[in-house]
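Let me begin by presenting the structure, written as C-alpha cells, before commenting on it.
Throughout, read-outs are computed from the coordinates displayed, never taken from laboratory work. Small disclaimer: the values here were computed from a predicted structure and weren't measured. Cβ placement follows ideal geometry from the backbone for every residue including glycine, while neighbour counts extend to all protein chains displayed.
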Amino acid sequence: MKHPIRATCLAVAGIFIAGFGYVNAADTGQPGMLRSAHAPHHARYDPVVMTQERLDKLSAKLKLNPSQQDAWKTFSAAMIGHAQERAQEMEKLAPGARAIQEDLATPDKMAQMAARMRSGADRMSKLAGEMKIFYDQLGPEQKTIFDLYAKNAWHNRMHDRMHGRMH
C-alpha cells in the first residue's frame with residue numbers, strides 16, 4: 001500500500017472493531033444478547049448494545065481527562081454509528097432475506113457481496129480516521145491501554161472463530 005500510516009490505521013481499526021463486533025454465542029445470558037424470533041433457542045447478537053458496553057469499559061480503563069472528552073464523544077458516536085449500520089446489515093442477512101437471495105443468479109450474488117464489502121471497507125476507513133483523531137489525543141500510557149484493549153478484543157474474536165462461536 002502506498003500509505004503505510006493509512007494501512008496501519010486501517011489495521012488497528014479493523015482489530016478494534018472486530019473486537020466490538022463479536023461475542024460468544026454460548027453466553028446467552030450476557031447483556032447485548034437477544035433471543036431471536038426465528039430461533040428462540042439461539043441467541044442473537046446486538047452490536048449496538050455490545051459496542052456501548054465495550055466503550056464504557058474502555059472509557060473507564062483509559063481514565064480520560066476533561067480535555068479528551070470531546071474527542072471521546074466523537075469517537076464513541078462513530079463507533080455506535082458503525083454498530084447501528086452493522087445491525088442493519090445483519091437484518092438484511094436474516095433468514096427471510098437470505099431466502100430471497102437464494103433465487104439470485106451467482107453473478108448477482110457476487111455483485112451483492114462485493115457491494116457489501118465495499119460499503120464495509122468505506123465505513124471502516126471513515127472509522128479509522130475517527131479513531132486516529134481520538135488516539136492522537138491520548139497520552140502514552142493511555143495509548144498502551146487502548147492498544148492492549150484492541151489486541152485482547154482481536155484475540156477473543158479469533159478464539160471464538162476457531163471454536164465456532166461466531167454469528
Checklist entry - So if we plug the beta-carbon distance of Glu91 and Ser67 into 1/(1 + (r/R0)^6) with R0 = 35 Å, what FRET efficiency do we get, rounded to 0.05? => result 0.35
Checklist entry - Of Lys57/Lys92; Lys63/Lys132; Lys92/Lys151; Lys63/Lys151; Lys92/Lys143; Lys61/Lys132, which sit over 24 Å apart, Cα to Cα? => result Lys57/Lys92; Lys92/Lys151; Lys92/Lys143
Checklist entry - For Glu53 and Ile133 in the same chain, what is the full-extension length gain: residue separation times 0.36 nm, less their Cα-Cα distance, in nm? => result 26.7 nm
Next on the checklist: What FRET efficiency comes out for Gln112 versus Thr144 if R0 is 45 angstrom and r is the Cβ-Cβ distance? Round to the nearest 0.05.
Outcome noted: 0.65
Checklist entry - So if we plug the beta-carbon distance of Thr74 and Ala105 into 1/(1 + (r/R0)^6) with R0 = 35 Å, what FRET efficiency do we get, rounded to 0.05? => result 0.25
Checklist entry - Counting only residues 5 or more places away or on other chains, whose amide H sits under 5 Å from the amide H of Tyr45 once H atoms are built in the peptide plane? => result Leu34
Item to check | Karplus-derived 3J(HN,Hα), 6.51/-1.76/1.60, for each residue of the stretch 75-86, Hz, glycine and proline x | outcome: 4, 5, 5, 5, 5, 5, x, 4, 5, 5, 5, 5
Checklist outcome for this item: The answer for Ala94, listing residues at least 5 apart or on another chain whose modeled amide H is closer than 5 Å to its amide H, is none
Next on the checklist: Apply the Karplus curve 6.51 cos²θ - 1.76 cosθ + 1.60, θ = phi - 60°, to the phi angles in the stretch 107-120 and return the couplings in whole Hz, x for Gly and Pro.
Outcome noted: x, 5, 4, 4, 4, 5, 4, 4, 5, 5, 5, 4, 4, x
